[in-house]
Amino acid sequence: QVQLVESGGGLVQPGGSLRLSCAASGRIGSIYAMGWYRQAPGKQRELVALIISADKTNYADSVKGRFTISRDNAKNTVYLQMNSLKPEDTAVYYCNARNLVPPLNSYWGQGTQVTVSS
């Protein structure tokens, strides 16, 4: 059914940048939000950024000013531009799509590893 495929992860040095992409396919619904979550060893999965429309976005306090989320509705693709990366950003990043009207389904990608290290 619904498929979410992330790409763009990798190894970067502190202060570097990465751009993650998530392409969605299948019948998600007409109205849905897309977002990025991450999970590091020993920590719970946390919301990094969420986007409903170009002027409706939310960010975790830890990434504000450094990360930018955007989406291309025609392509059902969401992006996460990550700048000024820190070792604390190291985690598996997951793409999520969630319906905003019933049925309130939620879908996840398999994740992409981001490692920030010297």
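The values are calculated or read from the model by the stated rules, or taken from the named source; none is laboratory data. These numbers come from a predicted model, not from an experiment. Because the Cβ atoms are built from the backbone with ideal geometry, glycine has one as well, and the counts that use them run over all protein chains shown. The area values use the complete protein model at the heavy-atom level, side chains included, leaving out ligands, DNA and RNA. Shrake-Rupley method; radii C 1.70, N 1.55, O 1.52, S 1.80 Å.
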Distance in nm between pseudo-label sites at Ser70 and Ser53 (7 Å out along the Cβ direction from Cα): 1.9
Computed magnitude of the charge dipole of segment 1-70 (debye, nearest 20; Cβ of K, R +1, Cβ of D, E -1): 60
Straight-distance crosslink candidates among lysines, where the alpha carbon sits under 23 Å from Lys86 and sequence neighbours closer than 8 are dropped: Lys43, Lys64
Estimated distance in nm for a label pair at Glu88 and Gln44, the labels positioned 7 Å out from Cα along Cα-to-Cβ: 1.8
Built amide H within the under 5 Å cut-off of Thr90, gap 5+: Val116
³J(HN,Hα), Karplus 6.51/-1.76/1.60, whole Hz, each residue of segment 96-108, x for Gly, Pro: 9, 10, 9, 5, 9, 10, x, x, 7, 7, 9, 10, 10
For the chain, with +1 on Lys and Arg beta carbons and -1 on Asp and Glu, the positive-most of Ala40, Val12, Cys22 along the dipole: Cys22
Rg followed by Dmax, in Å, when segment 39-91 is reduced to its Cα trace: 12.1, 37
Carbon plus sulfur fraction of accessible area for the chain, probe 1.4 Å, in percent: 48
Sequence of Leu47, Leu20, Leu104 from largest to smallest accessible area, 1.4 Å probe: Leu104, Leu47, Leu20
Amide H partners (placed H, <5 Å) of Gly111, local residues excluded: Glu6, Cys95
Under the Karplus curve 6.51 cos²θ - 1.76 cosθ + 1.60, θ = phi - 60°, whole-Hz ³J(HN,Hα) for segment 48-62, x wherever Gly or Pro sits: 9, 7, 9, 9, 10, 8, 4, 9, 10, 9, 9, 9, 5, 4, 5
Amide H contacts under 5 Å for Asn105, placed H, 5+ residues apart: Asn99
Charge dipole (debye, nearest 20) of the chain; +1 at Cβ of Lys and Arg, -1 at Cβ of Asp and Glu: 120
